[in-house]
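Student: Quick one: structure below, then a few questions.
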Amino acid sequence: MLTMDDIVREGNPILRAVAQEVVMPPTHEEKETLKKMREFLINSQDDEIAEKYKLRAGIGLAAPQIGISKRMIAVYIPEEDKIHDYTLFNPKIISHSVENTYLEGGEGCLSVDREVPGYVPRHARVKVKAYNIDGKEITLKLKGLPAIAIQHEIDHLDGIMFYDHINKENPFAIPDHCPTN
Ligand code: SB7
Ligand code: NI
């Protein structure tokens with residue numbers, strides 16, 4: 001299983017690289033890696049397992065964060081009525097809202113061992129094209145936390161960290177195109 005020892009930290013250049021597209025259909029190894037990434041997220045959200053293995057809770061993970069510079073991400077977000085459970089190859093935002101959003105509490109990252117205060121502007125809604133674990137092309141329409149998480153993960157594939165988006169002059173300035181503006 002993956003543990004925090006497998007998580008690449010800030011300063012490692014792989015986090016700043018543009019990850020390689022995965023050739024479809026994915027290999028057995030690529031599929032197994034993606035399944036392990038998903039398993040890490042599920043384990044990290046289980047209090048007992050997280051405590052035992054000292055895992056930081058995560059709702060998403062990108063392959064570069066485990067040292068693999070390939071376009072693969074996992075998102076696992078249990079909601080009241082449904083679970084947003086995505087294991088994706090080559091995810092791409094094909095359209096997005098003009099409206100932006102941000103998390104009140106800012107964002108964190110498993111690869112960043114410090115708090116970085118500030119609002120991270122994100123598209124409020126995104127349409128994402130990707131290939132699922134079976135190599136089948138799919139389209140997702142997301143809003144809310146799943147939309148924010150998938151943008152955070154796709155950024156990792158392009159070498160972008162969440163704090164790159166924070167306003168340098170005023171980290172807590174309400175981003176443009178947010179409904180409250
Ligand atoms: C807050 C946290 C995440 C995404 C969006 C908002 C995920 C944190 C875990 N990761 O570092 C995944 O890249
Ligand atoms: Ni991250």
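Every read-out reported here was derived from the displayed coordinates using simple, explicitly stated rules and does not represent laboratory data. Computed from a prediction, not measured in an experiment: that's the story for all the values here. Reconstructed Cβ throughout: ideal geometry from the backbone, glycine too, with neighbour counts over all protein chains shown.
Student: Kindly list the residues of the range 118-146 that lie in the label zone of E99, defined by a backbone N under 13 Å from the point 7 Å along the Cα-to-C-beta vector.
Tutor: Taking a point 7 Å out along Cα→Cβ of E99, the residues of the range 118-146 whose backbone N falls under 13 Å are 123-126, 142-145.
Student: Next question. Hand me the tally of lysine pairs in the chain: alpha carbons under 16 angstrom apart, and the pair either on different chains or 8 or more positions apart.
Tutor: Eligible lysine pairs with Cα atoms under 16 Å apart amount to 17.
Student: What number, in percent, do you get for the relative contact order of the range 25-101 if the mean sequence gap of Cα pairs under 8 Å and at least 6 apart is divided by its residue count?
Tutor: 23 percent
Student: Further question: Working out 0.36 nm times the residue gap between K36 and E10, then minus their Cα-Cα distance, what length gain in nm do you get to one decimal?
Tutor: 7.2 nm
Student: Using Cβ counts within 10 Å as a stand-in for footprinting exposure, how do L55, L103 rank, fewest first?
Tutor: Taking fewest neighbouring Cβ atoms as first place, the list is L103, L55.
Student: Let me ask something else about it. Considering the Cα trace of the range 124-173, what is its radius of gyration and what is Dmax, both in angstroms?
Tutor: When restricted to the Cα atoms of the range 124-173, Rg and Dmax are 13.6, 45 Å.
Student: Which distance in Å, rounded to a whole number, links the C-alpha centroids of the range 157-180 and the range 50-84?
Tutor: Cα centres, the range 157-180 to the range 50-84: 22 Å.
Student: Could I ask something else about it? Just to be sure I understand: if I project the alpha-carbon convex hull of the chain onto a plane and average over all orientations, what area do I get in nm²?
Tutor: With the hull built on Cα positions only, its mean projection is 10.6 nm².
Student: Hey, could you pull the Cα Rg and Dmax for the range 97-181, both in Å?
Tutor: Values for the range 97-181 (Cα only, Rg and Dmax): 13.8, 45 Å.
Student: Which ordering of C178, C109 is given by a fewest-first count of other beta-carbon atoms within 10 Å?
Tutor: Least crowded to most crowded, the residues run C178, C109.
Student: Using the Cα centre of the range 19-89 as the reference point, and only Cβ charges (+1 on K/R, -1 on D/E), how large is the resulting charge dipole? Debye, rounded to the nearest 20.
Tutor: With Lys and Arg at +1 and Asp and Glu at -1, about 360 debye.
Student: Further question on the same structure: Give the long-range amide H neighbours of R125: residues separated by 5 or more places, or on another chain, with amide H under 5 Å away, using H modelled in the peptide plane at 1.01 Å from N.
Tutor: Distant-sequence amide H within range of R125: S97.
Student: At 222 nm, what value in deg cm²/dmol follows for the chain if DSSP H runs of at least 4 each add -39500 (n - 2.57) and the sum is divided by all its residues, to the nearest 500?
Tutor: So the helix-based figure for the chain works out to -6500 deg cm²/dmol.
Student: Given the options N167, N43, N132, state which has the largest fluctuation in a GNM of the chain using a 10 Å cut-off (strictly under) for Cα springs.
Tutor: Its mean-square fluctuation being the largest, the pick is N167.
Student: Pick out, from N90, M72, H177, the residue whose Cα sits farthest towards the positive end of the charge dipole of the chain, with +1 on the Cβ of Lys and Arg and -1 on the Cβ of Asp and Glu.
Tutor: Most positive-ward Cα: N90.
Student: Right, another one. Quick one: 3J(HN,Hα) in Hz for the range 39-46, Karplus 6.51/-1.76/1.60 with θ = phi - 60°, rounded, Gly and Pro as x.
Tutor: Ordered by residue, 3J(HN,Hα) equals 4, 4, 4, 4, 4, 5, 9, 9 Hz.
Student: Let me ask something additional. I want the antiparallel fraction of DSSP beta bridges within the chain, as a percent rounded to 5.
Tutor: 95 percent
Student: Among M24, M72, M37, determine the one that fluctuates most according to a GNM of the chain built with springs between C-alpha atoms less than 10 Å apart.
Tutor: M24
Student: Starting with the fewest neighbours, write out V23, V98, V128 ranked by other beta-carbon atoms found within 10 Å of each beta-carbon.
Tutor: Placing the least packed residue first, the sequence is V98, V23, V128.
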